[in-house]
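The values are calculated or read from the model by the stated rules, or taken from the named source; none is laboratory data. Predicted model, so just to flag it, every value in this text is computed and none were measured. With ideal geometry, Cβ positions are generated from the backbone for all residues, glycine too; neighbour counts draw on all protein chains shown. Each accessible area value is taken on the protein alone, full model and side chains, heavy atoms only, with ligands, DNA and RNA left out. Shrake-Rupley method; radii C 1.70, N 1.55, O 1.52, S 1.80 Å.
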Amino acid sequence: MRQDDLYINKIDWISILIYVALVTIGWFNIYAAVFDEQNAKSIFDLSINSGQQLVRIGAALIMILLIMVADYRLFDNLSLILYGIFILLLAVTPFIGKEVNGQILTVGFGSIRIQPAEFAKFATALALAKFMERPSFDLSQVKYQLQALAIIMVPVILIMLQPDTGTAMVYFAFFIMLYREGMPQRYYVLALTLIAVSLLALGIENNLYLAFAILAVITILIFLGKKSFTRIISFIVIGILMIGYTYSLDYAVSKLPQHQQNRIMVLFNPDLDPLGVGWNVTQSKIAIGSGGFLGKGYLEGTQTKFDFVPEQHTDFIFCTLGEEFGWVGSFVVILLFCTLLIRLVIMAERQKTRFSRVYGYCVVSILLFHFAINIAMTIGLFPVVGIPLPFFSYGGSSLWAFTILLFIFIKLDSHRVQMLGRMK
């Protein structure tokens, strides 16, 4: 009994309470997103999205119970097996999966279907934690960097074949964890530089101006620092590569599917086609803006009632919140997410084993990526990529995958002392 009491006392109830709050608020907003005043149905009605989501929430609670009563060593022992299972599912999805909006995403039997790409996130996190818990694993060495990159890129490549670019992008969130664990900073400086150059190149009509700007920066760097032949040649090579990269972007973008090209163009020119490719984002911003400070009231959102925003119960669920609960409601939900993320960072830092710490930072990375990109997408700061808001958006696979992802870490955290003893 004493061990059980110790285990219960070490469960992070703050994270659990935030999870319950987010799922509950999300459920009410899913009902609001599909509410029909002329044909009003109960929030519990299984024929509408809110009723179906309630069933999924019930299933998520069962998953939580199973995770919390399971042996904490199970997740370490089965990590590579789970990774292999979901890699296999991703590989066969294009052949046996069901098509959803032009993408082959789900597998299963009859009405019971799952999206393997969502579940593969926690499996990849476990696999990374398993590989990186070895004492010899050192991210300052190239061979270990390549190992970590391979674990991440295998599911990315398989998901791109479906194709599901938005979900594939999420896996790059693992590089946040890798930074914490010692991945050299030069890679991140290079990545941020390429992102900045890409945004400038896509936002400027004439890339010649950007090329001149790059040459000017390189020239200044050469004259400011120590003048050595090697350093000057290095900067010149970097400048040439940057200019080449700038001019190659247009060609790369032209090879993307048309709907992805449209999303990129709308990001830089929101008024390009407000009745066509820019419709979703334009209506989403109108909905959020019309909510004002306190919102129009629950079930009183006109943009929501008249179904102006497509996919409002899934990817654009945040605009329902903004319209009906205004700035205050949006702030409360953002505060809940930020509190959860900060709490998870604190939990990750207090872990006694590298396995738990790495997995904890994987959880933080994935939730942060989804949270930031989804909200940025709904307010027009990021292209529409079709990723859900964690614990909030309608859908079984996303809710269950996020729930498993979070509660495995809560379980590991509650046994951090015992895990240290096992490692010794």
### Query
For the range 38-44, in order, what is each residue's ³J(HN,Hα) by Karplus, 6.51 cos²θ - 1.76 cosθ + 1.60 with θ = phi - 60°, in whole Hz (x at glycine and Pro)?
6, 9, 5, 10, 5, 4, 8
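Please give me the summed charge of the neighbours of W400: other residues whose Cβ is under 10 Å from its Cβ, Lys and Arg +1, Asp and Glu -1.
Details: positive: R56; negative: E118.
Combined, the nearby Lys, Arg, Asp and Glu give 0.
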#### Entry: Residue-level accessible surface for T282, protein heavy atoms, 1.4 Å, Å²
40 Å²
### Task
Based on the mean of other Cβ atoms within 10 Å per residue, sort peptides 371-384, 77-90 so the most packed one is first.
371-384, 77-90
### Task
Apply the Karplus parameterisation 6.51 cos²θ - 1.76 cosθ + 1.60, with θ equal to phi minus 60°, to every residue of the range 399-411 and state each ³J(HN,Hα) to the nearest whole Hz, in sequence, with x for glycine and proline.
4, 5, 5, 5, 5, 4, 3, 6, 6, 4, 5, 4, 5
### Message
Let me cross-check F44: its accessible surface, 1.4 Å probe, with only protein heavy atoms counted, in Å² to the nearest 10?
### Response
120 Å²
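So, by mean Cβ neighbours within 10 angstrom, what's the order for 59-69, 182-192 with the highest one leading?
Details: 59-69: 14.4, 182-192: 12.3.
My ranking of the peptides, most packed first, is 59-69, 182-192.
Past 19 Å, Cα to Cα, is the threshold; run K130/K411; K41/K285; K10/K352; K10/K411; K130/K352; K121/K411 against it and keep the listed order. Please report the intermediate quantities before stating the final value.
Working: K130/K411 16 Å; K41/K285 28 Å; K10/K352 14 Å; K10/K411 9 Å; K130/K352 15 Å; K121/K411 17 Å.
Correct reply: K41/K285.
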### Task
Work out how far the C-alpha atoms of the range 300-383 reach from end to end along every principal axis, then list the three figures in whole Å, largest first.
52, 25, 19
### Message
On the Cα set of the range 109-169, report Rg and Dmax in Å, please.
### Response
14.3, 48
